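Taking it in order: structure first as structure tokens, then the write-up.
The values are calculated or read from the model by the stated rules, or taken from the named source; none is laboratory data. None of these values were measured; they are calculated from a predicted model. Don't worry about glycine lacking a Cβ; one is built from the backbone with ideal geometry, like all the others, and counts go over all protein chains shown.
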Amino acid sequence: MSEQHIPTMMYARMDKRTSSVHPSTQPLFWRHRRTAPDIRFAGANPTIPIYSGIHVGPASVPGLNDSRNLIERTEGVLWAAIGIVETLERHHGNSDNVLDSMTADERLKNILLSTKLGPVTPYYGVVNGICECGKPKTEKHKPGKHPRSGGWQGKNATTDHATITEWCRRYPQSNFAIIAGVQSVVLDLDIRPGKNGVAEMEQIEAAAGKQLPRTVTALTGSGGKHLYFAVPPGLNSLQKPKNTNGIDFQRNRQGVIVPGSLHESGNYYNFAPGLSPADIELADLPDWLLSLMRKDAATTRTATTGLNDIGKLFDELLKIGPPPGSLPPGRLRPDEIVMRKMKTVPMRKYPDNRSHSDSHWAWTLARNCCHHWDQYLRIWKESPIRKLPDTKCGRASYEASILEKAFLDQKQQWKNPGKRPVEDTPNPPLAKYMRNLEARTETPRSPVSIAVVQLNYKRPDLDDNGIARMLNATGQFEKPITREHVKHIRYRYRHLWRTG
Ligand SMILES: [Zn+2]
């Protein structure tokens, strides 16, 4: 090994270990601040996990010289934490209605009031910042935000005060939610890191030059707001206001946590002063806002994802047509042929992933139907994959999304194969063969080829069969010439071929 290699490496390593850190190599954080930023968590919020467990301060950043990576990573987290704290402080400064205590009676009163907003269902509560169900907080599991029983569709929901009072007695820590879309719909203005629905709504109001009407309003424990409105007509054609990130529109039997419940931050959901159902009626969504919430034609297809009626799914999908951007249909094959082709396609190609397998099947079906949307839907509707014992099919939103994605994702080029550049052929040997074929200028040499080409020149009106029959009739060939034979020669010498 040459000497030049090892020393370089060693010097590099030694240099790192022994030298002091040059100012320009110090992370930004240390260049601009001699001390760590002063992070005080005013009204410390123990449930925001990102800064619990991070010890902040110069001493907590060990080995500045050794591991700059670690510092930079720590630095990133610090700034993220500072951002959250600032957001929270700004918010807490604004809002003087965050409650960190509520008596059992007040809780019950609020929950019973909420029955004017829709049927109420019990949710798991939050005890010491942890979900009553006992599971740890994860991306999917949000403490205190899922039903105790009865599932998401609110099968266990009621407006009966006696039942709710009994629930409160039986589950004293329980949270409660109303089912949206029955008696009211909800604009959910969320405040979370990276989201601020309250500010977004203010921007929308400013842009429209109008203000939302006073309506029943709940303050969520995290600083957001729930604005309740009367159920508008044409609910299914509405979505959250366009170009918003922190605003949700709850309308389709989603559960919306009601006042009297405890947020994981330790604050109670509470009606805004003077804006509880006891004080004020539900307002209608104003027209200027509805116009921002109406789905246009291009986004109407998301209506199918909210569709719960599997029977209507196929009519609906047929009506709105193939997803925009999908390929135009090719030659129509009879249903029987498509079905025969589908018999060889495995229904569980990915045994561990049902939806993946379903997608694959739908994808192949789209190809075999040559991208005929109506045929695709028709055959899918009758397909055995929908009757598998472990299937997720039967849920309209699931099938709609699988069908549309598979159809849109289908890139098979059955249309105008001649127009596709040979280089685009996904099969390299085939591409080479085609290229050779293109470049071919040879003249026929075998007696059969010569005879076939000559006859075609004289009689371009004859088809393969006709040529074969005429040549056989001359009796000058030992072996009979078949139609396939002629076809092969026609293809091989197509640069000489005349069409009649
Ligand atoms: Zn839970």
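Can you spot a residue in the stretch 219-233 that is surrounded by fewer than 20 Cβ atoms within 10 Å (Cβ to Cβ), in a helix (DSSP H, G or I) and touching a Leu at 6+ places or on another chain (Cβ under 9 Å)? Checked against the condition, which is being surrounded by fewer than 20 Cβ atoms within 10 Å (Cβ to Cβ), in a helix (DSSP H, G or I) and touching a Leu at 6+ places or on another chain (Cβ under 9 Å), the stretch 219-233 yields no hits at all. Summed over the stretch 251-267, residues that are within 18 Å of Val186 (Cβ to Cβ) and either free of Cβ contacts under 8 Å to residues at least 40 places away in the same chain or not in a loop (DSSP other than H, G, I, E, B) (or both) total 3. Taking the criterion of being in contact (Cβ under 8 Å) with a residue 40 or more places away in the chain and either in contact with a Pro (Cβ under 6 Å, 6 or more places away or on another chain) or farther than 11 Å from Met347 by Cα (or both), the only residue of the stretch 381-393 that qualifies is Lys381. The sole residue among Gly194, Gly144 that is within 16 Å of the ligand (Cβ to nearest atom) and under 26 Å from the mean Cα position of the chain (by Cα) is Gly144. Inclusion of Ala180 among residues that are away from the ligand (no atom under 12 Å from the Cβ) and within 27 Å of Thr244 (Cβ to Cβ) is warranted. Residues that are farther than 18 Å from Tyr171 by Cα and within 11 Å of the ligand (Cβ to nearest atom) were ranked within the stretch 113-141; the one that is nearest to the chain's Cα centre (by Cα) is Lys140. The single residue among Gly234, Gly260, Gly181 that is modelled with pLDDT of 90 or more and out of contact with any Cys (no Cβ under 6 Å at 6 or more places or on another chain) turns out to be Gly260.
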